[in-house]
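Engineer: If you scroll down you'll find the structure; I have some questions about it.
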Amino acid sequence: MSSALSHWLSFSSWWLLLPFVMLLVVAAFIVAFVLLLYMISPLISPKPLKLNGAHVVVSSSKLTRNECYKVHKLVQAKKEVEKCAINDKQVVLCISVDVSKDYNQVESVIKQAQEKLGPVDMLVNCAGTSISGKFEEVEVDRFKKLMEVNYLGSVYPTRAVVTTMKERRMGRIMFVSSQAGQIGLFGYTAYSPSKFALRGLAEALQMEMKPYNIYVTVAYPPDTDTPGFAEESKTKPLETKLISETSGVCQPEQVAKIVVKDAVQGNFTSSFGPDGYMLSALTCGMSPVTSITEGLQQIVTMGLFRTIALFYLGSFDSIVRRCMIQREQSKAADKRE
């Protein structure tokens, strides 16, 4: 009887341990699967573009006779780029063209640059401008202006280089959007749509270009300490300032390094910091991925990031309500006086 009891106890112990054994097996399988993904991911990801020793073309908007400041900044930019040259054969060429107005002119200028320096390996579309304000207070023509500069200012140069890139079956195209191109914020009813448009363009273009070994990158930088940002801050509504402060301000050099690195590697999305990574994962939707691990990370983190995002949105709504109440109280106090 004692033998039978002992056998029954050992049998029962086995069944009690079975869930833990199964859990260990599943955990081991997941770990092995993740390791396998990390191992094969580089085989699927695009090969980094080699740009060491490449020529550089720096462009600026069309200059008028009285715009000495722009001339100075263009020359200054040229000198800064020349400091990074690794040999004496590298050329830094400055051109002046308004990339948002006349496509034929943009195409002509880029063609001339390619005749001098050779075909374009990587195009960086960073023309942009910004204005913030309440929807009903923004002048109607400003909506058109922002779409011309922020969207068409990227469409035209890209259109001018893709044919050559497809013939060579290589290239990189970068669009500099904004975190305001991932989430619509108070005060950016004119700015955000022009940056959201770049995402749609990039996704469609990537599907067309990928068979030709051409990869598209969309960068979503946060507020960056540039002259344009300083000018924009002068007219920002209080709500916009308070919301923007939650993500801080980045330095241009820091942003440039990350953007170029992601574009060279062929990453579709280029984000900055924890907030940027979370936003990119949350808004990935049907956007392309350039590695299996990237897709896996998005799948795993989506639920958690959505939960965090709800708290952010609640905080933003609270800021808007507080500002509205303060404004109404201020108006009421003025009337009593």
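The values are calculated or read from the model by the stated rules, or taken from the named source; none is laboratory data. Everything numeric in this text was worked out from a predicted model, so none of it was measured. A quick note on method: Cβ atoms are made from the backbone with ideal geometry, for glycine too, and the neighbour counts reach across all protein chains shown.
Engineer: Could you tell me how many of the residues in the range 86-128 are of a type outside the set (A, V, I, L, M) and farther than 24 Å from K261 by Cα? Break it down into steps so the answer makes sense when it comes.
Structural biologist: Step one: filter the range 86-128 for residues of a type outside the set (A, V, I, L, M), giving 87-90, 94, 96, 98, 100-105, 107-108, 111-112, 114-116, 118-119, 121, 125-126, 128.
Going one step further and asking which of them are farther than 24 Å from K261 by Cα, we end up with 96, 98, 100-105, 107-108, 111-112, 115-116.
Of the residues in the range 86-128, 14 are of a type outside the set (A, V, I, L, M) and farther than 24 Å from K261 by Cα.
Engineer: Does E115 fit the bill of being in the same structural domain as T224 (by TED's automatic domain parsing) and of a type outside the set (K, R)?
Structural biologist: Numbers: in the same structural domain as T224 (by TED's automatic domain parsing): yes; of a type outside the set (K, R): yes.
It is true that E115 is in the same structural domain as T224 (by TED's automatic domain parsing) and of a type outside the set (K, R).
Engineer: Okay, moving on. Just a yes or no: is a residue in the range 179-194 modelled with pLDDT of 90 or more, on the phi > 0 side of the Ramachandran plot and either surrounded by fewer than 22 Cβ atoms within 10 Å (Cβ to Cβ) or not hydrophobic (A, V, I, L, M, F, W, C) (or both)?
Structural biologist: Yes: the range 179-194 contains one or more residues that are modelled with pLDDT of 90 or more, on the phi > 0 side of the Ramachandran plot and either surrounded by fewer than 22 Cβ atoms within 10 Å (Cβ to Cβ) or not hydrophobic (A, V, I, L, M, F, W, C) (or both).
Engineer: A further question follows. Just to be sure, is M207 surrounded by 19 or more Cβ atoms within 10 Å (Cβ to Cβ) and of a type outside the set (G, A, S)? Spell out how you get there, then give the answer.
Structural biologist: On the way: surrounded by 19 or more Cβ atoms within 10 Å (Cβ to Cβ): no; of a type outside the set (G, A, S): yes.
Taking the combined requirement at face value, the residue does not satisfy it.
Engineer: State whether the residues of the range 279-289 include one that is in the same structural domain as Q182 (by TED's automatic domain parsing), assigned to a loop (DSSP other than H, G, I, E, B), closer than 16 Å to A309 by Cα and within 12 Å of the chain's Cα centre (by Cα).
Structural biologist: Of the range 279-289, the ones in the same structural domain as Q182 (by TED's automatic domain parsing) are 279-289.
Those left that are additionally assigned to a loop (DSSP other than H, G, I, E, B): 283-289.
In the following step, the residues that additionally are closer than 16 Å to A309 by Cα were identified as 283-285.
So of that shortlist, the ones also within 12 Å of the chain's Cα centre (by Cα) come out as 283-284.
Yes: one or more hits.
Engineer: So, one more: Test each condition in (1) closer than 22 Å to V255 by Cβ; (2) charged (D, E, K, R); (3) surrounded by fewer than 17 Cβ atoms within 10 Å (Cβ to Cβ); (4) over 17 Å from the mean Cα position of the chain (by Cα) for D225 and report the one that comes out false.
Structural biologist: Result: D225 fails condition (4) only.
Engineer: In the set E208, E294, which member is part of a helix (DSSP H, G or I), within 18 Å of P48 (Cβ to Cβ) and not basic (K, R)?
Structural biologist: Numbers: E208 fails: within 18 Å of P48 (Cβ to Cβ).
Within the list E208, E294, the selection yields E294.
Engineer: Which pairs have Cβ atoms under 7 Å, sit 6 or more apart or on different chains, and link a residue in the range 298-323 that is under 28 Å from L238 (Cβ atoms) and in contact (Cβ under 8 Å) with a residue 24 or more places away in the chain to one that is acidic (D, E) and surrounded by 11 or more Cβ atoms within 10 Å (Cβ to Cβ)?
Structural biologist: Sorted first by the residue in the range 298-323, then by its partner, the pairs are I319/E239; V320/E239; C323/E239.
Engineer: Related question: Would you tally the residues in the range 211-235 being part of a loop (DSSP other than H, G, I, E, B) and not β-branched (V, I, T)?
Structural biologist: Looking only at the range 211-235, we keep the residues that are part of a loop (DSSP other than H, G, I, E, B), and these are 213, 220-223, 225-226, 234-235.
With not β-branched (V, I, T) added as a condition, the list becomes 213, 220-223, 225, 234.
Residues meeting the conditions: 7.
Engineer: In addition: Looking at the range 117-167, which of its residues are more than 23 Å from the chain's Cα centre (by Cα), under 20 Å from K50 (Cα atoms) and free of Cβ contacts under 8 Å to residues at least 60 places away in the same chain?
Structural biologist: Result: P119, T164, K166, E167.
Engineer: Now for a different question. Given (1) closer than 19 Å to S45 by Cβ; (2) touching a residue at least 40 places away in the same chain (Cβ under 8 Å); (3) not charged (D, E, K, R), where does A281 come up short, assuming only one miss?
Structural biologist: In the conditions (1) closer than 19 Å to S45 by Cβ; (2) touching a residue at least 40 places away in the same chain (Cβ under 8 Å); (3) not charged (D, E, K, R), A281 misses (2) alone.
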